[in-house]
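Read the structure below first, then the notes.
The values are calculated or read from the model by the stated rules, or taken from the named source; none is laboratory data. All figures in this text were calculated on a predicted structure; none of them were measured in a lab. Cβ: placed from backbone, ideal geometry, glycine included. Neighbour counts: every protein chain shown. Only protein heavy atoms, including side chains, enter the accessible area calculation; ligands, DNA and RNA are left aside. Shrake-Rupley method; radii C 1.70, N 1.55, O 1.52, S 1.80 Å.
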Amino acid sequence: MSSPTKKKTRHAFGATAPPFLDYLKDILRRYPDGGQILKELIQNADDAGASEVVFLYDERCYDSQSLMTDELAKYQGPALYVFNNAEFTAEDWQGIQTTGRSVKRKDPNKVGRFGIGFNSVYHITDVPSIFSSKYLGFLDPQEKLFGERIGGFKLSLEDKEDSETLCNLHDQFQPFRDVVNEVSGQRWMDIIQEEQHFKGTLFRFPLRRETSDISDNIYDSAKVVQLFESFIADADISLLFLRNVSSVALKHIDIKGSVTTWLTVTSSSPTCDLKTRKESNVKDSTFFKTIISTSKEKEQTVTKWLVATCCMKEGIVPELDSLAKKLSFRPQVDLAFRCGQDRHGWMEGRLSCFLPLPNNDSNRTGLPVHVNACFGLTDNRRHIKWQEEDQKYDEAAMWNELLVKEVLPHTYIMMLQDATNLAKTTTLPVSSLYSIWPDLSQTKHQDKWHAIAKDVLHRLFKKNTAVFSLAKDERQFVCPSDALFPSDDTKASETMTAVTKTLIAGGEKLVTFPDHVSTAIQLAFPKPDTLQWVTPALARDVLRRGVVSILSSNDKRLLLQYIMSDENYQDLRGLQMLPVSDGTFKTFTNEDKDIALIDNEDFPRVLLPGCRDLFLLDDLNPTSIHQLKKLAATSYYEKGHFRKA
């Protein structure tokens with residue numbers, strides 16, 4: 001060796017890659033065991049364009065007389081299978097071998113771009129196998145099964161020798177032979193001998209029954225049941241935001257070979273796509289989606305969802321454009337609202353990254369809609385990154401902040417506007433429409449989402465579009481500047497009914513909505529003092545338009561209490577609203593013919609039997625009597641409209 005070469009060797013320095021097993025174990029430490037594993041496999045299927053996914057747990061143990069190697073015997077026991085009806089491409093076969101270096105990383109249309117999702121299956125198994133298109137492959141990260149430093153083995157259906165192996169090693173491939181037909185409807189021998197091609201992808205994950213160099217996580221039936229139950233808990237929302245997968249089934253085969261379907265969940269194709277806006281900043285659509293879940297007890301649950309999707313066009317938010325290119329993310333936000341829910345069955349929205357993120361506090365928004373986007377996630381894929389102090393300049397965190405501040409409000413407002421259009425017909429109940437509105441009382445404990453909810457409402461109100469339902473006809477809507485808003489002091493049911501009837505008869509555009517919308521107006525409307533609100537003065541003005549004659553006696557008595565509530569007694573002049581004992585109503589004037597008497601404890605009405613019909617109605621509301629006594633003590637009606645008996 002030359003002197004310069006010796007010198008270079010002696011001073012060699014540099015980082016080295018960890019052994020593959022160490023790298024894999026690190027992934028498993030960071031990446032959680034549990035239901036998220038199934039979601040990762042669904043995401044991979046969705047990326048591949050599959051429409052169907054089947055999870056099947058097979059408890060059977062198979063013989064081990066004819067195997068490729070004796071070491072494979074311990075993997076002939078119970079296994080979890082995952083089938084989807086898309087086929088592996090050459091790129092997929094390459095990508096599944098490159099742990100942590102996903103071939104999807106630069107494709108913004110792919111979900112599982114992070115390269116660690118599939119490797120979460122090593123929580124379950126040591127030797128995953130894949131049967132797809134024209135290959136059947138085994139992965140062996142421990143390099144113990146097929147020879148020294150050999151991490152797997154792949155058989156080709158088109159190779160004559162491999163085909164004979166697949167036919168002759170009966171025990172080795174019996175698990176595939178039994179399951180292929182169950183999940184795909186294809187026969188094993190037809191695939192191997194005639195077609196030499198499998199239409200779909202079938203993963204087999206034999207359960208780890210003893211500790212290994214990969215993990216000491218022993219998997220048994222109870223843990224598989226936990227996986228299934230974790231998915232079942234989110235089954236009704238798991239297909240909401242996927243682009244291709246529309247059916248997921250969970251199946252079980254017991255040791256006797258009896259098959260039970262635990263759950264089937266399907267989603268319909270989008271219907272009623274609304275494209276009525278001419279927004280220049282976004283590409284958007286709103287549609288309905290139906291999710292049907294059927295359990296092993298044959299119980300069926302059907303939920304209908306209104307889904308809105310909005311993608312920001314390039315050039316509107318330059319910082320968003322820059323990060324989209326750098327991260328290979330898509331600047332799109334989707335929202336889903338479950339139709340038919342009322343305020344008593346209020347649904348707290350969750351965050352999704354194509355599939356629901358874990359149901360914990362950090363992934364609950366307090367909004368009545370589920371929020372989906374291509375979010376930047378933490379390493380364990382359980383949380384969204386935000387610009388906290390320790391990751392203020394993290395690009396994925398910056399991306400998430402921009403998505404929820406710039407794109408989400410566009411999507412939300414679009415959903416509200418489209419829902420309003422749907423409510424003008426019988427397509428969507430008006431009650432459901434108002435349930436879509438953010439409820440600020442539900443977000444007040446989460447500063448980020450509270451601010452976003454207020455921003456959505458602020459932007460909606462600034463548009464001054466017709467979003468408020470008329471009390472006269474709930475299918476008609478008016479904009480804030482044209483609306484007459486109910487005030488808090490008119491919310492008592494009987495009184496409000498009478499006030500509403502009066503204002504409608506007078507031609508007022510009175511609107512009606514639940515309390516959380518009233519709160520939204522008070523807290524988020526840009527200039528609330530410009531709005532027209534129901535007041536006693538307005539009610540008195542409307543009564544002067546000749547409305548009094550069409551009101552019932554009971555309505556008049558209820559209205560009397562309301563129109564006196566501001567104690568502007570002088571403004572009552574001319575209103576025939578004063579009920580007396582003969583069933584008629586006197587007018588508030590100074591004329592003798594409109595004199596009314598008020599009795600008291602010292603001078604009860606029985607002392608003046610000849611004036612009985614001049615006394616106030618004896619069952620008049622105590623509040624109204626109190627107000628009238630105060631009025632009688634004033635000098636507004638100089639000739640003594642009211643007189644004490």
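Tabulated data for the structure shown
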read-out: Residue (of Gly137, Gly77, His252) at the positive-pole extreme of the chain, dipole from beta-carbon charges; value: Gly137
read-out: Segment 444-521 shape via C-alpha gyration tensor axes, a/c threshold 1.5; value: oblate
read-out: Cβ-derived FRET efficiency at R0 25 Å, Ser481 paired with Asp541, nearest 0.05; value: 0.80
read-out: Reduced Cα scattering model of segment 184-297, Debye log10 I(q)/I(0), q = 0.14, 0.18, 0.19 Å⁻¹; value: -0.88, -1.13, -1.17
read-out: Percentage relative contact order, segment 366-514, counting C-alpha pairs under 8 Å, at least six apart; value: 19 percent
read-out: The chain: radius of gyration over Cα atoms, expressed as a fraction of 2.2 N^0.38 Å; value: 1.39
read-out: Solvent-accessible surface ranking, highest first, for Cys272, Cys61 at 1.4 angstrom; value: Cys61, Cys272
read-out: Added length on full extension, which subtracts the Cα-Cα distance from 0.36 nm per residue, Phe153 to Phe20; value: 46.2 nm
read-out: Lys, Arg +1 and Asp, Glu -1 on Cβ, resulting dipole of segment 131-257 about Cα centre, debye, nearest 20; value: 240 debye
read-out: With Cα atoms, 0 to 90° folded angle of helix 515-524 axis to the chain main axis; value: 90 degrees
read-out: Cα long-axis angle, helix 553-563 against the chain (0 to 90 degrees, to the nearest 10); value: 80 degrees
read-out: Considering only the chain, percent of DSSP beta bridges that pair antiparallel, nearest 5; value: 80 percent
read-out: Charge dipole (debye, nearest 20) of the chain; +1 at Cβ of Lys and Arg, -1 at Cβ of Asp and Glu; value: 1740 debye
read-out: Lys527, Lys454, ranked by accessible area, largest first (probe 1.4 Å); value: Lys527, Lys454
read-out: Area of His252 that stays accessible when all protein chains are in place (1.4 Å probe, Å², to 10); value: 30 Å²
read-out: Separation of alpha-carbon centers, segment 571-586 and segment 139-186, rounded to whole Å; value: 95 Å
read-out: Isotropic mean projected area of the C-alpha convex hull, segment 192-256 (nm²); value: 7.9 nm²
read-out: Glu297 - accessible surface, heavy atoms, 1.4 Å probe, Å² rounded to 10; value: 110 Å²
read-out: 3J(HN,Hα) from dihedral phi, segment 75-84, Karplus parametrisation 6.51/-1.76/1.60, rounded to Hz, x for glycine, proline; value: 9, 9, x, x, 8, 9, 10, 9, 10, 9
read-out: Segment 293-423 - Debye-derived log10 I(q)/I(0), Cα point model, q = 0.10, 0.12 Å⁻¹; value: -0.38, -0.53
read-out: Heavy-atom accessible area ranking, 1.4 Å probe, most first, across Asp592, Asp599; value: Asp592, Asp599
read-out: Dipole in debye (nearest 20) - segment 167-239, about Cα centre, beta carbon charges: Lys, Arg +1; Asp, Glu -1; value: 120 debye
read-out: Prolate/oblate/rounded call for segment 143-230, Cα gyration tensor, a/c under 1.5 rounded; value: oblate
read-out: Kirkwood Rh in Å, taken over segment 393-509 so that all alpha-carbon pairs contribute; value: 16.3 Å
read-out: Angle in degrees between helix 622-632 and the longest Cα principal axis of the chain, rounded to the nearest 10; value: 40 degrees
read-out: Sequence-separation-based contact order of segment 292-405, relative, with Cα cut under 8 Å and 6+ spacing, percent; value: 21 percent
read-out: Charge-dipole axis of the chain as Lys and Arg at +1 and Asp and Glu at -1 on Cβ define it, positive-most pick from Val307, Val548, Asn600; value: Val548
read-out: Accessible-area value, Ile292, 1.4 Å probe, nucleic acids and ligands omitted, Å²; value: 60 Å²
read-out: Translational D in µm²/s for segment 348-401 (Stokes-Einstein at 4 °C, 1.567 mPa s, Kirkwood Rh from C-alpha pairs); value: 114 µm²/s
read-out: Percent RCO, i.e. relative contact order, over the chain, from Cα pairs under 8 Å lying at least 6 residues apart; value: 9 percent
read-out: Options His516, Val121, Ala505, ranked by Cα towards positive dipole end of the chain, top entry (Cβ charges); value: Ala505
